[in-house]
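What follows is one structure encoded as structure tokens, with my remarks underneath.
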Amino acid sequence: FQQLALEYEVRAHPVWPMPNLAECLGELRNAGLQLGIVSNAHFISVELFPALLGTTVEQLGVDPQLQYYSYRHGHAKPGLRMYQLAEQALAERGVTVRQVLFVGNDMLNDIYPATRVGFRTALFAGDARSLRRREDHPSATGLSPDLVLTDLLALVGCVGR
């Protein structure tokens, strides 16, 4: 079943890595920052990293304890639950919400809930195929990220010090 689902998914919903993703994560990892993921992912999504980037998210520096996927947690964005779980895990490590920068490409599913939890936010607008401004959605109306990025490597200069 999983093989069939994988084949269907990659044909029906083609995916690609964001430009400079691996380099950005490597630089942030090398700077000693804690990296996590909050994603509306299904079991196939985790396998896309090795397929597309030749490495796992853990090897890229993403902490296994800071990975929140909808298929594992039974919640989806723009709901707050996975963001709250991330906030709790980070608080246990002494990281406050104002020390977190959540990067996403969707104003409704990423920026809106991250802002509601108290995270600082960055909208990645460097890939027109994936950018979702959601200007017509009430929850995204009047919402502004703290930062807009057109190149993920610019993130390193903002937080990698």
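Rg/Rh for region 39-102: what does it come to with C-alpha atoms and Rh from Kirkwood?
Ratio of gyration radius to Kirkwood radius for region 39-102: 0.99.
Averaging over all projection directions, the Cα-based convex hull of the chain occupies 9.5 nm² in the image plane.
Evaluated at q = 0.14, 0.27 Å⁻¹, the base-10 log of the normalised Debye intensity for region 17-62, with identical point scatterers placed on the Cα atoms, takes the values -0.32, -1.11. Every helix of 4 or more DSSP H residues in the chain counts as -39500 (n - 2.57), and over all residues that averages to -10500 deg cm²/dmol at 222 nm. Think of a 1.4 Å ball rolled over the protein heavy atoms: region 1-72 then has 59 Å² of accessible area per residue. Can you give me the P(r) profile for region 71-161? Cα pairs, bins 5 angstrom wide beginning at 0, each as a whole percent. Whole-percent P(r) values from 0 Å outward: 3, 14, 23, 23, 21, 13, 4, 0.
The values are calculated or read from the model by the stated rules, or taken from the named source; none is laboratory data. Quick caveat, the model's predicted, so the values are computed rather than measured. Side chains are part of the model used for accessible areas, which takes the heavy atoms of the whole protein and leaves out ligands, DNA and RNA. Shrake-Rupley method; radii C 1.70, N 1.55, O 1.52, S 1.80 Å.
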